[in-house]
Structures are given as structure tokens and as C-alpha cells.
Amino acid sequence: MSALNDKVVAITGASSGIGEATALLLAERGARLVLGARREDRLAKLVARIEEAGGTAVHTQVDVTRREDLHSLVALARERFGRLDVLVGNAGVGPISPLDDLRVDEWDAMIDVNVKGVLHGIAAALPVFREQQSGHFVTTASTAAFRVLPSMAVYAASKVAVQALCEGLRQEAGPSLRVTTVYPGFVRTEFAEASSNGEVRRQIAGLRDEIAIPPDSIARAIAFALEQPDDVDVNEIVVRPTAQA
Ligand code: NDP
């Protein structure tokens, strides 16, 4: 029996990429999933796929920029399964571009989704974890938190903020809550298509085709953290393609 058996895991950004791969892997290992993202049609298909394989999952539409949507996600977990064991704060956007482009709406989106979205998840799950005296926050940051590259200033800033939030959360969490931050390098997802600057998009897509690793690589790292005994807190995991500088 997997250590994940029957754990109730909510995942934001579950409709594609890393979130979707994580949902599939955790369901296969016996977790009960509560899936959130904006594209409900994709979530419904994912739930059907999990159920066909004998797993358990429910979904609800979540826009992480809306505080109340995170409360609904956590409430759905408690309604359907009586508890929430893990919140995977994974939703993120990366419409990267040089600062000179002044794509200020996209700067706002990166702050709203990547930073405030994570905060909204913490606000919704922390009181529940305190009440249960157990719970695990897993958050997807990025290796951009360690290395800022041209075109990535705002995105990297959002992930540095995630790193700081999660470290602060870890220090405040106390002996019964676990906090894991995952730092993926280049992963083959829809993420590479996000830039509205054509030249940047072409460069990123080229690099993706050359070196990116499948999203399942990150799902396995998340499963590793979840499967540890309760007194073992895996705090930070960095997973890069071997070929990434
Ligand atoms: P995808 O674009 O495939 O997935 C992003 C997910 O986030 C989608 O499910 C999307 O769902 C969701 N999302 C975006 N905006 C919102 C929102 N406002 N509310 C709720 N959900 C939202 O990319 P990845 O799987 O690669 O990205 C997942 C995480 O991994 C992100 O945090 C990203 O920053 C991080 N990351 C990715 C790397 C990569 O190379 N791919 C590298 C390092 C980190 P929907 O549109 O349906 O809402």
C-alpha cells in the first residue's frame, strides 16, 4: 500500500502540464484528488480518465486570482472527503518578455497568479490544516528563482516571492505542518507558448524541443515529498533537465 493511500490532495493548475501529470500519478498511487483550474472541460476529462483507471477525483472551476475560489476548492475537499491533507499550489503563468516591451498587463498577471494565487491558497488551507493539526503545502516555484535571465525579470521576481513565502511559511508552520517548495527547470508543457513576444516565444519553444523534460518528472518529485513519514519534511526539491545550464 502506498503512503499516499486515501490522502486528500487538492491541486491548482490541474488542467495541463505539471498539475495534470501530478494528478494522474497521485491518483494511480491511491490519493483522492480535488482538481482546480479555469478550463473546466479539461478538468472534467481528467477526472473521467482518473475514474476509468479506478482512481478518485472531483473538480471545480478555480481562478487562483479570486480568493473565494480557493476557499471553494478547500471546501469541496472537506465536503466530499471530510478533510484536506495536501494543497499543491501549482497554478502559474509565464508570459515572459523584455521589460522594454512594457507588457504591463502581463506583469500584473504574473504577480496576480504566481504570487497572490499562492497566498490565496495559503489563506484557504492554513486554518483547516491548523484545525486538523496536520497538512502539507506543496508549491511550484521555478529555477528562475535562482537564476534571472533576460526577458524573465518579472517571472523570476514572482518565483523569488514564492520562495520567500514558502520559507516563511515553513518557519511558522510548527511541528505538525509540512512545507515543500518544488523548483522545476525546463519542463515540456504549454508554458512555452505563453509569451506574446514572437521572438521570445520562438526561442523558448526551440529550447523546449531541445532540452525540456516531461511533466511526469516533477510529479514524481512531488510524490516523493508526500510519501515521506509525517515527521519528515522535504523542504526544497530542484529538478532540472540534465542538459540545462
Ligand atoms: P501549463 O501552462 O501547462 O499549466 C499551467 C496551469 O496553471 C494550467 O493548468 C492553467 O489552467 C493554470 N492556471 C493559469 N492561470 C490560472 C488561474 N488564474 N487560476 C487557476 N489556474 C490557472 O504550465 P506548467 O505545467 O509548466 O506550469 C505549472 C507551474 O510550473 C507554474 O507555476 C509554472 O510557473 C511552473 N514552472 C514551469 C516550468 C516549465 O518549464 N514548464 C518551469 C518552472 C516552473 P487554466 O488555464 O485551465 O486555468
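Fully extending the segment from E51 to E28, taken as 0.36 nm per residue of separation minus the present Cα-Cα distance, adds 7.3 nm. The alpha carbons of the chain give a radius of gyration and a Dmax of 17.0, 54 Å, in that order.
Taking each full run of DSSP H in the chain as one helix, which ones are at least 27 Å long along their axis (Cα atoms) and have mean Kyte-Doolittle hydropathy of at least 0.0?
153-173
Cross-link partners for K45 among the aspartates and glutamates, with Cα-Cα distance under 20 Å and sequence neighbours closer than 8 places in the same chain left out: E20, E28, D63, E190, D216.
Within 12 Å, Cβ to Cβ, of A205, how many net charges do the neighbouring residues add up to if Lys/Arg are +1 and Asp/Glu are -1? In short, -1.
The solvent-accessible area of K45, taken with every protein chain present and a 1.4 Å probe, is close to 140 Å².
Protein-only accessible surface at a 1.4 angstrom probe places the residues H120, H59, H71 in the order H71, H59, H120, largest first. Classify the stretch 36-94 from the C-alpha gyration tensor, please: rounded if a/c falls under 1.5, else prolate or oblate depending on whether a/b exceeds b/c. Oblate, since a/c reaches 1.5 and b/c is not below a/b.
Taking V115, V234, V64 as the candidate residues, the one with maximal mean-square fluctuation in a Gaussian network model of the chain, Cα springs under 10 Å, is V234.
For the stretch 108-234, the orientation-averaged shadow of the C-alpha convex hull comes to 8.2 nm² (one quarter of the hull surface). For the chain, the residue among T242, P214, Q132 whose Cα projects farthest onto the positive side of the dipole built from Cβ charges is Q132. For the chain, a Gaussian network of Cα nodes joined below 10 Å ranks G89, G55, G13 by mean-square fluctuation, and the top entry is G55. Per-residue SASA remark: D69, around 20 Å² accessible (1.4 Å probe; ligands, DNA and RNA not included).
The sum of -39500 (n - 2.57) across all DSSP H runs of n ≥ 4, divided by the residue count of the chain, sets its helix-only mean residue ellipticity at 222 nm to -14500 deg cm²/dmol. Ordered from longest to shortest, the equivalent ellipsoid semi-axes for the stretch 180-221 are 22, 11, 7 Å, each the square root of 5 times a Cα gyration tensor eigenvalue.
Accessible-area rank, largest first, for I211, I218: I211, I218, with all protein chains present and a 1.4 angstrom probe.
Comparing V104, V113, V154 in a Gaussian network model of the chain, where Cα atoms under 10 Å apart are tied by springs, the biggest mean-square fluctuation is seen for V104. With no solvent and one equal point scatterer placed on each C-alpha of the stretch 67-117, evaluate the Debye formula and give log10 I(q)/I(0) for q = 0.18, 0.30 Å⁻¹, two decimals. So the normalised log intensities are -0.67, -1.12. Here F146 sits with roughly 90 square angstrom of accessible surface, probe radius 1.4 Å.
The values are calculated or read from the model by the stated rules, or taken from the named source; none is laboratory data. Predicted model, so just to flag it, every value in this text is computed and none were measured. Counting neighbours? That spans all protein chains shown, and the Cβs are built from the backbone with ideal geometry, glycine included. When the accessible area is computed, the model is the full protein with side chains, heavy atoms only, and any ligands, DNA or RNA have been set aside. Shrake-Rupley method; radii C 1.70, N 1.55, O 1.52, S 1.80 Å.
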